[in-house]
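What follows is a single structure, written as structure tokens, with notes after it.
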Amino acid sequence: MTKKKWKLAAKLFNQKKDQSQEQQPEQGSDYFHNVVPPITSSLDNNNNLDNKVHDLKNIQVTSSFVIPLNKQSFPNQMPNHQGNNFYHQEPLKQDPNLDQMALLDLTNNFKIPKAISFEIKTEKLRQLMMIVFSLIVTTISSVFIGFYFAKFQLSYTPHPVITIPLVIFTLMISIVNCLDFIALKKEVNLYIERTLKGSLMPPNFIIRNYRKIHARLIIGNWLFTFLYITLGIATLIIWLISGQKITFFVQSWTVTVPNLMTEAVTLLVILGSLFFIHMTSIVFFKKRKNNVLSHYGYEIINPNELEIYKKKINRICMIITISFLAIIFFAIAIPILIVRRRKKKA
């Protein structure tokens, strides 16, 4: 009797569980299921699409998706979308008798949209600039290392303690950017192939670059803030002590500071240049962001996830900036306090 009761209870529990699952509407876990319209909704007003088989001889390639020219390529009816999963995009079924030459011809003649093309060219240019800059620094550092060990006489030769880590670091940067360049090329080919099959989803490299431009803007803002503070204080100190006689805490040590107005003006020019670069980077960020948004018409990253990501980057940059400012402050303040204590004891 006990076993029968347990079996009956388990059966009733499973039935209630199945009923609760049927009552709940199907919701796509992916953010894009709620924002990306189904490709079939714009192709057939009657929604008579079941097996979405594309005949590559009867399609027209547009800027962002494929429009079938022959409605006979969609012979059957498509089941209605259930619940709130209206924006769910079913996987496309490819014709087993696909003409590979036709696919290759479409791939070669595919015109990438301007917004996507701009992002690809920008990212490739950035990677190439990083590779070239890293190779130049690596070459110069290697020459200095050779001069040092060959005991070649120069007015100044950096010590290998500085140049060897610099060579390793720049080589790593160049290798990483080379790998990213190759990966980007493969992802572009994959994007073209998926677009020809009717996919409207943003490609992976666009999503990754969209996240990176937000991170770079935050890092740049903190970096420029740090430079503004340090260079601004240095410019103010140089302007105040220029041409003055300074008596240090040890009264016997008096120094006449030469005229440093040229150095102060130079630092002001540097600050102005940094401000110009900062504003240019913000404008360029806005251009790239609006470029992506205007093409897709929605945020390609879940706004909640993007907000969490930005807060994380902000927190890390704030800790690093405050730490560097604290190190600079204590590096100046501690010697002054030591000299004052010695003066009081004397």
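Brief remarks on what is shown
- When peptides 217-229, 266-278 are ranked by their average number of other Cβ atoms within 10 Å per residue, the highest-first order is 217-229, 266-278.
- ILE338 paired with LYS151, simple spin-label distance in nm, labels 7 Å along Cα-to-beta-carbon: 3.7 nm
- FRET efficiency, 1/(1 + (r/R0)^6) with R0 41 Å, evaluated for GLU299 and MET279 via beta carbons: 0.95
- Computed from label points 7 Å out along Cα-Cβ, the spacing between VAL269 and GLN244 is 2.5 nm.
- Filter on LYS186/LYS311; LYS111/LYS212; LYS197/LYS286; LYS289/LYS311 - keep pairs with C-alpha separation over 29 Å: LYS186/LYS311; LYS197/LYS286
- Of the peptides 304-316, 159-171, the order by per-residue mean of other Cβ atoms within 10 Å, starting with the highest, comes out as 159-171, 304-316.
- Accessible area of segment 253-346 belonging to carbon and sulfur atoms, whole % at 1.4 Å probe: 70 percent
- Pairwise alpha-carbon distances in segment 171-243 exceed 17 Å for 67% of all pairs.
- Taking only protein heavy atoms and a 1.4 Å probe, the accessible area of segment 151-234 is 74% carbon and sulfur.
- In the assembled protein chains, LYS212 presents an accessible area of approximately 70 Å² (probe radius 1.4 Å).
- Segment 145-267: radius of gyration over Cα atoms, expressed as a fraction of 2.2 N^0.38 Å: 1.89
The values are calculated or read from the model by the stated rules, or taken from the named source; none is laboratory data. Nothing here was measured: the structure is a model prediction, and the numbers come from that model. We place every Cβ from the backbone using ideal geometry, glycine too, and count neighbours over all the protein chains shown. In case anyone asks, the SASA skips ligands and DNA or RNA and just uses the protein heavy atoms, side chains included. Shrake-Rupley method; radii C 1.70, N 1.55, O 1.52, S 1.80 Å.
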